[in-house]
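Encoded as structure tokens, the structure appears first; notes follow it.
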Amino acid sequence: MSGSRRDFIKISALSAAGLLLGGHYVQSAMSGKKSAGNLGSAVPLRTPTYCEVCFWQCAGWVYKNEKGDIQKVVGNDDDPNCNGRLCPRGTGGVGMYHDEDRLKTPLLRIKDQDGNQTFTEVSWEEAFDFIAERLQKIKEEHGPECIALFTHGSGGNYWGNMLKAFGSSNIAAPSYSQCRGPREVAFITTFGDGLNSPEPLDIRDTRCLVLIGSHLGENMHNGQVQEMSDAIDKGAAIITVDPRYSTAASKSKFWLPIKPATDIALLLSWIREIINNGWYDKEYINQYAYGFEELKNHVQPFTPEWAYGITTIRPEQIRETAREMANAAPSVIIHPGRHVTWYGDDTQRLRAVAILNALLGSWGRRGGFFIPEKKSVPEYPHPPYPAPRRTWREAMNGKYPLADLALASGVCDATIPSPDLDCSIKAWIVNGTNLIMTLPDQKKTIDAINNLELMVVVDTMPMEITGYADVVLPECTYLERWDDLRVAQGRNSSVALRMPAAEPKYNTKPAYWMAKEVAIRLGLGAYFAWETFEEKLDWQLKQIGSSLEEMKRIGVKNLPREFDDLFFAPGDDHEFYTNTGKIELYSTALAAEGFDPMPVYTPHMEPPAGYYHLNYGRAPMHTFSRTANNPNLVDLMDENTVWVNPKVANEWGLTNGQPVYLENQDGVIAKFPVKVRVTERIRFDSVYIVHGFGHADKKLSRAYGKGASDADLITRVLMDPIMGGTGMRGNFVTFRFNKESEVQS
Ligand code: MGD
Ligand code: SF4
């Protein structure tokens, strides 16, 4: 299959005989050892876990009946990420375990007697031998740095350990270049610190929360949603800037239905209002900030009247909302958002957000941003990693100098041979990320895959990405396995344990076991020196004054704060990790790289006549593309709809519930029709769909063909030149009534 075209293969129904055989094989291959994910003999009725349905990682308890069947998952009261309450997805996480469409046994791509590509069931031994042999060959022929890991989720640590030991640092997650990367770079260049997750926002004590395209409540970041609700009860004002009347907008004092792609203009105008009215925190800025005069001069042209012409937000509303923020300062948060890869100038937009927070003195202040603490838990001892001959940064070919992590899209690009590259990437290990629906420009992703000599996919479900794999490794769900400790940042650091609540179903296994088995075959067993995973966890926990025995009882341990205060005390000296040691309103790091040191507004493309901005987002009962087949969550929402303004519906003759196809500016049509939802809650120049629907694999019996996939339609990518984020909101769509005819008869 080396470097040749990979046909998408549907995971076929697996025979019971095959499964029994596979299961038996593994049992005998492992005889004498504890089985991976082993529960031991006495099955406790309540076991600790932390949730894997999204990356908030709430800690909870899994309850079982006397027969050992998993009944429910509930939040752990001591967990600061969830305060004892899971969101609908976390509660519905049990559906991942029960889903009968799950991957059930390792699969290998082969050619059948007619020359067609197909998957055949193989034993774990055969799968690992095949992978190790291919990786070794690629190492010998091209070097280990031609191997990459894409990961999102717990298993990434183990595959990352294996890969670093093998000599590669190409480890990328879509949660950076397709999500929060621009925000991290913007805050690092301004305050010298990124935000990470959960973001250190003191929402519960804020007096004013400004949400710019951040739809908390639909985006169920649990702790933040709870704190926002508390803040509203205590009278905090919410200002929501969104072309759509989101759930958050419905709770807001102000809803500013901004014209898409113009947020920087609004932010610059707010900055000008705050400065020119003297509403900024003078003492704070004098003591901590660098570049105030430059900023003041820079923003003078950006009057509310100027911004009105661009954003369609009335000047008096811009003034009133600026005053609302200033009145609440420093207990005000201009929320930094999370999925911020929109228009390619995202780092600059988030710089404007960071600057506004700085002017209002909210960084390090109660009701603003607190100073988080995160304990580091020592790694289980292993030999040092070899230095890679070429790092991930070199694979980016000198582009995106300020990226602080590897770019998933960059690794994908570096897989397509080009004269600029010494060596293109030859092998991907893909752990828990459905790249086909996650990276923009599907065609490019598939081109890259077709250049690979090996692609291994580790997943729990037959997703779009598994269809392109050479080897599919079925992972057991988070409810059936041990995993690394969750070490969370927060007002205090906390540690949570995940242990198996049930034996792995079918012939599935945890990723730590898979990575160790491949590592052993590559001669890297010393990097996985523990005998059992319990032994590793116990050793780590003892380093921080706990033990596995204690964590099994309590699930979460809150560690006392050791260092800084939660907030700056008045007049405190504070050194920021920027070039000047100050909060940089004028960024010296950006200037040094030839970028605008202060944000500027650049107009973006407008939709052609008959086309609308494709806006997309989240629903509270689903996470990305991973939950669309979950039986419990499908009960709550089984497809997405396309939100259409009544004026637009009228022009097109669209009615509620009518199925339409969406076609984008490049003539790409979504694979499946989506039902229309006519609503005043969306502007006339935009439509909106929830991301994660429109699955194309028939083996997803509940998700197949349900709704439209935004990922099918994101063919235009607006690259952020500063850090390589892939702006995905520059796409426009129109309606088609069937795939053949262009207009409704
Ligand atoms: P999912 O699409 O949910 O998210 O991107 P991804 O992390 O790729 O795919 C997760 C995959 O992990 C699924 O195949 C699922 O079956 C598998 N999985 C679930 N649990 C486990 C497990 O325990 N073990 C293993 N091995 N696999 C598991 C998210 C990324 O997408 C992010 S963070 C953002 S913010 C972006 N959002 C976004 C968008 O809104 N629209 C579009 N078009 N693209 C986007 N891309 C980005
Ligand atoms: Fe799970 Fe919901 Fe918490 Fe995410 S926010 S980790 S889905 S309970």
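So the values come out like this:
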quantity	calculated
Solvent-accessible area of residue 220 with every protein chain in place, 1.4 Å probe, in Å² to the nearest 10	30
All-pairs Cα distance distribution in region 432-480, expressed in whole percent, bin size 5 Å	5, 22, 29, 23, 13, 5, 3, 0
Spatial extent of region 570-623: Rg and Dmax, with the Cα atoms as the point set, Å	20.0, 57
Cleavage-rule hits (GluC sites (Glu not before Pro)) in region 590-681: DSSP loop, at most 16 neighbouring Cβ within 10 angstrom	593, 680
List 392, 652, ordered by accessible area with a 1.4 Å probe, largest first	652, 392
Longest to shortest principal axis, alpha-carbon extents of the chain, angstrom	76, 71, 57
Reduced Cα scattering model of region 470-540, Debye log10 I(q)/I(0), q = 0.12, 0.17, 0.20, 0.28 Å⁻¹	-0.40, -0.75, -0.96, -1.25
Share of carbon and sulfur in the accessible heavy-atom surface of the chain [1.4 Å probe, %]	50
Order of exposure, largest accessible area first, which applies to 382, 574 with probe 1.4 Å	574, 382
Gap separating the Cα centres of region 250-282 and region 186-209, nearest whole Å	18
Radius of gyration and Dmax over the Cα atoms of region 75-140, both given in Å	20.3, 59
Taking all pairs of distinct alpha-carbon atoms in region 473-592, Kirkwood radius in angstrom	18.2
Residue pairs, from the table 64/557; 10/516; 111/698; 111/699; 251/296, whose Cα atoms sit over 26 Å apart	10/516; 251/296
Rg to Rh quotient for region 637-689, alpha carbon positions, Kirkwood Rh	0.95
Region 612-736: radius of gyration and largest Cα-Cα distance (Dmax), Å	14.5, 43
Accessible area of the chain divided out per residue, in Å², using a probe of 1.4 angstrom	37
Normalised per residue, the volume of the convex hull around the Cα set of region 309-445 (Å³)	204
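The values are calculated or read from the model by the stated rules, or taken from the named source; none is laboratory data. The model shown is predicted, which means the values in this text are computed figures rather than measured ones. Using ideal geometry, Cβ is built from the backbone for each residue, glycine included, and neighbour counts are taken over all protein chains shown. Heavy atoms of the whole protein, side chains included, go into the accessibility calculation; ligands, DNA and RNA do not. Shrake-Rupley method; radii C 1.70, N 1.55, O 1.52, S 1.80 Å.
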